[in-house]
Amino acid sequence: MSSTAQIGVTGLAVMGSNLARNFARNGFTVAVHNRTAAKTRALVEEFGHEGDFVAAESAKEFVDALERPRRLIVMVKAGEPTDAVIREFAPLLEPGDVVIDGGNAHFEDTRRRERELRERGIHFVGVGISGGEEGALLGPSIMPGGSPESYDALGPMLERIAAKAADGTPCTSHVGPDGAGHFVKMVHNGIEYADMQLIAEAYHLLREVAGYSPARIAETFREWNRGRLDSYLIEITAEVLAHVDAATGKPFVDVVADAAEQKGTGRWTVQTAMDLGVPVSGIAEAVFARAVSGHAGLRAASRGLAGPSAQPLEGGAADAFAAKVEQALYASKIVSYTQGFHQIRAGSEEYGWGIDLGAVASLWRGGCIIRAAFLDRIRAAYDARPDLPGLLADAGFAQEIGAAQDDWRAVVAAAVAGGIPVPAFAASLAYYDALRAERLPAALTQGQRDFFGAHTYRRTDREGSFHTLWSGDRTETTA
């Protein structure tokens, strides 16, 4: 088989197939391969008119079809299936070739694979891809990690197939070494969890407190999408809420079981944040909210517990409350991005990645699930101040969240009074208040730790580490 393909895709489920088609549509010759050869043939038969494909039935045929340096994209399930594919193909590759993992791999697995293949002279690139099936075909947000040399070989191709922001900039660029791309994609997904939970809580409040119907809430979200909340998730929320179930004639949202599933990247975000010591409370509560929703037995056993019930508002009062919900949603959204970017900065410092936070915001402006109008402002904030400690330290965002905070508090208070769970709204507000507090009760916590474990403490009036002898004469000693 002649070496004519500029890039190859192995693993032709929906995401892999659509990505291969995207490359072909953009003028590249694409080698395609799948463990089941029938799937390879079916792709070429159905979509061969879209561009130039080279079908390969064996790993050797696939590798032989690729131009040097070979660029091979692996689109299989994360974990052992990815390792199995790498073990199959690596012996067939040569120094300078590039293996790209486009799945939702854990960044630590990516770091390990990059290290192992580097020893053989092979580049390994962990690529975060966001946008779902449609994005893979029409233009996703692409977050590649790996060596600068690997991006030299791969980057121009990714830039052609990636989504384009409103200013025409491709939504891809080199994120950083080894696992940086998959780390950023993981945090992207954590922010996505928070964004979706905040929108769900806003819907719940509009229905239970404002008394709006799903159709009315859909119109409200459409209105919000024309303003500062302009985003893909707000857009599709309006579509979901406006949809009527054909079988029952009921609002679609009323016939869907209220148990949200998850694939695990949100959990990874929270687990990694805990390892890094970074507070991502809004993201964590979004993950836990999905977990609570899935415990049907526990919820059924607890449904009779005492508590208040919300009394729907009417007329102008309902509309005024809806306006407050918009403020709370926007403020909480700022917090979720603040927490996510803080985690990316901490990860970059921990692993020496040198990630440009402004560039990350730029990557998310098109193609991805969390694309939103205000990402331009986030990019500008980090471009102006690369050392910005957090989004709330930016004057513009600080002013907006300050203007929203009274309504934000009123919404959380109304939810508590009405017995409506708003864990992400409440956690985001608590995070905001923790940052702005002059002093936190952590002083007492540290005193307790010193009492039972001699863990020592620092003082406000002098330098050093101290321990109090909590029995006997209770004198202080320097640790």
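The values are calculated or read from the model by the stated rules, or taken from the named source; none is laboratory data. Source: prediction; values computed, not measured. So basically every Cβ, Gly included, is an ideal-geometry build from the backbone, and we count neighbours across all protein chains shown. Accessible surface is based on the protein model in full, side chains and every heavy atom, while ligands, DNA and RNA are left aside. Shrake-Rupley method; radii C 1.70, N 1.55, O 1.52, S 1.80 Å.
Checking the cross-link filter: which aspartates and glutamates have an alpha carbon closer than 12 Å to that of K60, excluding same-chain neighbours under 8 positions apart?
Filter leaves E88.
Are there GluC sites (Glu not before Pro) in region 82-159 that DSSP puts in a loop and that have at most 13 other Cβ atoms within 10 Å, and which ones?
E119
In degrees, nearest 10, range 0 to 90: what is the angle between the Cα axis of helix 232-242 and the longest Cα principal axis of the chain?
On a 0 to 90 degree scale, this one is about 80.
If I take R0 = 30 Å and measure r between the Cβ atoms of E57 and N26 in this structure, what FRET efficiency does the formula 1/(1 + (r/R0)^6) give, to the nearest 0.05? Show your work: numbers first, answer last.
On the way: r = 25 Å, r/R0 = 0.84.
In this case the efficiency is close to 0.75.
Tell me the volume per residue, in Å³, of the convex hull enclosing the alpha carbons of region 208-278.
Dividing the Cα hull volume of region 208-278 by its residues yields 155 Å³.
When a/c is below 1.5 the answer is rounded, else prolate if a/b is larger than b/c, else oblate, so apply that to region 1-98 with a ≥ b ≥ c taken from the square roots of the Cα gyration tensor eigenvalues. Display every interim value, and only then the final one.
Working: a/c = 1.65, a/b = 1.20, b/c = 1.37.
Oblate, because a/c is 1.5 or more while a/b does not exceed b/c.
Distance in nm between label sites at L469 and Q311, each 7 Å beyond Cα in the beta-carbon direction?
The answer from the label model is 6.2 nm.
Can you list the lysines whose alpha carbon sits under 19 Å from that of K333, skipping same-chain ones fewer than 8 residues off?
Counting by Cα, and skipping residues close in sequence, K333 has these lysines nearby: K185, K324.
So what is the accessible area of the chain per residue, in Å², with the probe set to 1.4 Å?
46
Counting pairwise Cα distances across region 255-337, what percent come out greater than 19 angstrom?
62
Starting from the Cα gyration tensor of region 151-252, take the square roots of the eigenvalues, sort them a ≥ b ≥ c, and report rounded, prolate or oblate (rounded when a/c is under 1.5, otherwise prolate if a/b is larger than b/c, else oblate).
Prolate shape, in that a/c is at least 1.5 and a/b is the bigger ratio.
Between region 1-75 and region 214-280, what's the alpha-carbon centroid distance in Å?
34
Rounded to the nearest Å, what's the spacing between the alpha carbon centres of region 317-386 and region 189-205? Just the number, please.
14
Return the subset of K39/K77; K164/K263; K39/K164 for which the Cα-Cα distance in this structure is over 24 Å, preserving the input order.
K164/K263; K39/K164
What is the projected area of the convex hull of the Cα atoms of the chain, averaged over all directions, in nm²?
Spelled out: convex hull of the Cα atoms, projected over all directions, averaged, 28.8 nm².
Take every Cα pair under 8 Å in the chain that's 6+ residues apart, average their separations, divide by the length, and report that relative contact order as a whole percent.
Answer for the chain is 13 percent.
In region 301-353, which trypsin sites (Lys or Arg not before Pro) are in a loop and have at most 14 other Cβ atoms within 10 Å, using DSSP for the loop call?
In loop regions of region 301-353 (DSSP not H, G, I, E or B), the sparsely surrounded trypsin sites (Lys or Arg not before Pro) are R303.
Could you tell me which trypsin sites (Lys or Arg not before Pro) in region 210-251 are loop residues by DSSP with no more than 16 other beta carbons within 10 angstrom of their beta carbon?
Answer by residue number: R226, R228.
For region 201-208, in order, what is each residue's ³J(HN,Hα) by Karplus, 6.51 cos²θ - 1.76 cosθ + 1.60 with θ = phi - 60°, in whole Hz (x at glycine and Pro)?
Residue by residue, region 201-208 yields 5, 4, 4, 4, 5, 5, 7, 7 Hz.
So what are the ³J(HN,Hα) numbers for region 433-446, from phi and the Karplus equation (6.51, -1.76, 1.60; θ = phi - 60°), rounded to whole Hz, Gly and Pro as x?
Once rounded to whole Hz, the list reads 5, 5, 5, 8, 5, 5, 9, 10, x, 4, 4, 5, 4, 5.
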